[in-house]
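Structure, as structure tokens:
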Amino acid sequence: MIAYMKKLTCLLLSCFLMLVAASAQPNQSTAKIKIPAAKPISPSLFGIFFEDLNYAADGGLYAELIQNRSFEYNPADRKEWNPLTAWEYTTEGFGYGTISIETNAPVHANNPHYVVLNVEDEGREGVGLTNSGFDGIVVRAGQKYNFSVFVRQLSDNAVPITVKLKGKKGNVADSVTFSTNSKEWKKYTATITATENDDSAKLEILAKAKGKLALDMISLFPQNTFKNRPNGLRSDLAQTIADLHPKFMRFPGGCLAHGDGLGNLYRWKNTIGPVEQRVEQRNIWNYHQSVGLGYFEFFQFCEDIGAKPLPVIAAGVCCQNSGGTWRIGSIGQRGLPLDEMNAWTQDILDLIEYANGPATSTWGAKRAAAGHPEPFHLQYVGIGNEDAQTPVFRERFKMIYDVVKAKHPEITVVGTVGPFPAGDDYEQGWRFANELKVDMVDEHYYEKPEWFLNNLARYDSYNRAASKVYVGEYAAHDVKRKNTLRSALAEATYMTSLERNGDVVRFASYAPLLGRKGHTQWNPNLIYFNGSQVCPTINYYAQQLFSSNEGDLYFPNVITTDLPDTAKTFAASCVKDSETGDVILKLVNNGAAAIPAKVNLSATGAANGTANVTILSGDPMAENSCDASQNLTPQTTTLAVKKSFTYTVPAYSLVVIRIKGSRK
Ligand code: AHR
């Protein structure tokens, strides 16, 4: 109630200020003093876009340590792959036997392949399989790991199974042994405690008696997942994402959402339920997705980090690059047959029920069965991803849009206007969005740093009565696609213009979010990582400075400079968070000379006092790296501020000045 009253007071204040400003327009001769008007802006402007690209899910955020746990890799993923990729046949102590891949009576029809281990002589130590994880398995001494496996005993006798984690010099964990006792598929679990640190361990699973076993879903998870969720996320990577304080999260793509051909559309229903029953598939980026990180886990993660979920569903068409950019022999955009569109649309309605419906509803019950009876409070659904604006697309988008809006007027639908910031798709996309009065549209642009500096006025003239904007994918691409300070400052400069236009631009997210070193299909990314390290780029810190310092009121003309010719080197914004009363200034200098900035806080209600000043600054071509001993990170100091003062913005810097408000 108090928070509500505060918000109301703030809105009334901002309306009052707007009225004052309106009566003080420059064309009225009485207006001598320009009073800056506070304008309400999106309080959720900065969020994240997660796409399973660059091994962002398997081998990335998803904490599973075993690669190809389900033996479902196949040459369609990558021609050199097969069901035994990442596995090796192993004997220790002169045993012998065979392994084969079979499909008869699998754990589940959605998970057809499993391995059969036929031990003819167990030797001294057993016969089995070794998995090398994703570039090795990273373990830490003292940490506990949950091992599990599905086994069907094919011979009459029980077979003891030993599980070990081995490093180059021997065991790096206490081994565990259990015995099979079922001729049906049965899940066996064990806890393994690491005794050593190792960045490239392997998991060995050895049968220690003559016999024949079917094995599937061989899994190893750290117990220490993010928020200790079962089937959870890698805690260091998830925490780095959480530290961005994203207000929303778009998932699961990108191109991945509309897929490489109609057979490769991302179908959310295939990604929920017990992991051994999910439908795995190749992704458009040419590797395998286990979908262990599926829709339930996405929703759960959003909730855990306080981000509004924004799932993106294909608009009944596949990616226009299908079979093209990344593969030989273009297929291009194709639409689902019209008689399949009702079912496709129903899937989207079912998704809304899965997220928001009562636990007694058909799909809400599946959410509850997964451990979450409360709704996930879905408010946004994206339909389509930068699709070519063809009649095939338009017909299908409209079919979906009309039904979703009719059945769920409370859901904000995010449409799409093609892959580029201008051009045919963009123009046709906007015309179509205006015709349909789509709530919000998703714009994408990957451009040089200069483009961002040259387009700071892009949204100043957007029609406030038309669809709102989600800048769903953007990044400044510097030379050789490096994450330089220069690119981060160009993005920061642009973000001040997004704040200025936060009445029409409601959401914005840098893209892509994650890249596993040595396994990228796309650069630059916001956060790089390998099995043991997480390496935020300079761009990450620029994003973080904005997303951790959002406001819901924007004040123009608070920060100015008398220096000439600074239109493309200097930009600034002033927002206020009406919950705390904090006033936040962001100043960006893209140039080699310091810029004296004049700050006049009179309109903001900020009191004299001490502010926190955080500066990200350095060589414009600096890059952060996993290996560097010193990376560029923001540095915080304090500053005494008055109603009006001059602040000298260092060369090549982003400065955030946060002035504490009186409201708590
Ligand atoms: O962010 C990488 C890709 O860029 C996305 O998948 C796609 O939407 C865009 O082309």
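The values are calculated or read from the model by the stated rules, or taken from the named source; none is laboratory data. What you see is a predicted model, and the numbers here were worked out from it, not measured in a lab. Positions of Cβ are generated from backbone atoms using ideal geometry, with glycine treated the same way; all protein chains shown enter the neighbour counts. Ligands, DNA and RNA are stripped out before the accessible areas are found, and what is left, the full protein with its side chains, is counted by its heavy atoms. Shrake-Rupley method; radii C 1.70, N 1.55, O 1.52, S 1.80 Å.
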Self-check item: Near pairs, Cβ below 7 angstrom, 6+ apart or cross-chain, from the range 389-403 (closer than 16 Å to Arg334 by Cβ) to any residue that is aromatic (Phe, Trp, Tyr) and part of a helix (DSSP H, G or I)
Solution: Gln389/Phe432; Arg394/Phe432
Practice problem: Those residues that are part of a loop (DSSP other than H, G, I, E, B) and at pLDDT 95 or above, I need them from the range 81-93; list them, please. | Solution: Trp81, Asn82, Pro83, Leu84, Thr85, Ala86
Practice problem: Assess whether Glu303 counts as being within 25 Å of Glu72 (Cβ to Cβ) and more than 16 Å from the ligand (Cβ to nearest atom). | Solution: no
Exercise. Among the residues of the range 501-519, count how many are touching a Pro at 6+ places or on another chain (Cβ under 9 Å) and either surrounded by fewer than 24 Cβ atoms within 10 Å (Cβ to Cβ) or assigned to a strand (DSSP E or B) (or both).
Key: 3
Quiz prompt | Among residues of the range 376-396, those that are more than 16 Å from the ligand (Cβ to nearest atom) and either of a type in the set (A, V, I, L, M) or crowded, with 18+ Cβ neighbours inside 10 Å (or both), counted | solution = 7
Practice problem: May I ask you to list pairs of residues, at least six apart or on different chains, whose Cβ atoms are under 7 Å apart, with the first in the range 349-360 being more than 16 Å from Gly294 (Cα to Cα) and the second being open to solvent by less than 40 Å² (accessible area, probe 1.4 Å) and assigned to a loop (DSSP other than H, G, I, E, B)? | Solution: Glu353/Ser361; Asn356/Pro375; Asn356/Phe376; Asn356/Leu378
Self-check item: Boolean, Pro556 is within 15 Å of the ligand (Cβ to nearest atom) and under 22 Å from Arg458 (Cβ atoms)
Solution: no
Exercise. Considering only the range 426-447, state which residues are open to solvent by less than 40 Å² (accessible area, probe 1.4 Å) and not in a helix (DSSP H, G or I).
Key: Val438, Met440, Val441, Asp442, Glu443, His444, Tyr445
Exercise. Look through the range 70-80, keep the residues that are open to solvent by less than 60 Å² (accessible area, probe 1.4 Å) and under 25 Å from Ala201 (Cβ atoms), and return whichever of them is modelled with the lowest pLDDT.
Key: Asp77
Exercise. List the number of the failed condition for Ala457; all other conditions in (1) closer than 16 Å to Ser487 by Cβ; (2) aliphatic (A, V, I, L, M); (3) open to solvent by 40 Å² or more (accessible area, probe 1.4 Å) hold.
Key: (1)
Exercise. Being of a type in the set (A, V, I, L, M, F, W, C) and farther than 21 Å from Tyr510 by Cα is the filter; apply it to the range 50-69 and report the residue that is farthest from the chain's Cα centre (by Cα).
Key: Ile66
Exercise. Have a look at Pro274, Pro311 and point out the one that is under 22 Å from Glu374 (Cα atoms) and either open to solvent by less than 20 Å² (accessible area, probe 1.4 Å) or touching a Phe, Trp or Tyr at 6+ places or on another chain (Cβ under 8 Å) (or both).
Key: Pro311
Self-check item: All positions within the range 221-277 that are of a type in the set (D, E, K, R) and either within 19 Å of Ile66 (Cα to Cα) or within 16 Å of the ligand (Cβ to nearest atom) (or both)
Solution: Arg229, Arg234, Asp236, Arg250, Asp260, Glu276
Practice problem: Check Thr537, Thr560 and return the single one that is among the hydroxyl-bearing types (Ser, Thr, Tyr) and within 19 Å of Ile615 (Cβ to Cβ). | Solution: Thr537
Quiz item: If you take just the strands (runs of 3 or more DSSP E) that sit entirely in the range 132-220, which of them hold at least 3 residues that are at pLDDT 95 or above and crowded, with 20+ Cβ neighbours inside 10 Å?
Solution: 137-139, 144-153, 160-167, 198-207
Quiz prompt | All positions within the range 41-65 that are away from the ligand (no atom under 16 Å from the Cβ), in a loop (DSSP other than H, G, I, E, B), among the hydrophobic types (A, V, I, L, M, F, W, C) and within 30 Å of Arg500 (Cα to Cα) | solution = Ile41, Leu45
Quiz item: So which residues in the range 277-305 are open to solvent by 10 Å² or more (accessible area, probe 1.4 Å), touching a helix residue (DSSP H, G or I) at 6+ places or on another chain (Cβ under 8 Å) and within 16 Å of Gly47 (Cα to Cα), if there are any at all?
Solution: Asp304, Ile305
Quiz item: Going through the range 94-111 one residue at a time, which ones are open to solvent by 40 Å² or more (accessible area, probe 1.4 Å), outside any strand (DSSP E or B) and under 22 Å from Lys186 (Cα atoms)?
Solution: Thr103, Asn104, Ala105, Ala109, Asn110
Self-check item: Single unsatisfied condition, Glu303 versus (1) in contact (Cβ under 8 Å) with a residue 24 or more places away in the chain; (2) over 28 Å from Pro274 (Cβ atoms); (3) of a type in the set (D, E, K, R)
Solution: (2)
Quiz item: Of all residues in the range 477-500, how many are open to solvent by 10 Å² or more (accessible area, probe 1.4 Å) and assigned to a helix (DSSP H, G or I)?
Solution: 5
Exercise. Go through the range 521-532 residue by residue and tally those that are among the hydroxyl-bearing types (Ser, Thr, Tyr) and touching a Pro at 6+ places or on another chain (Cβ under 9 Å).
Key: 1
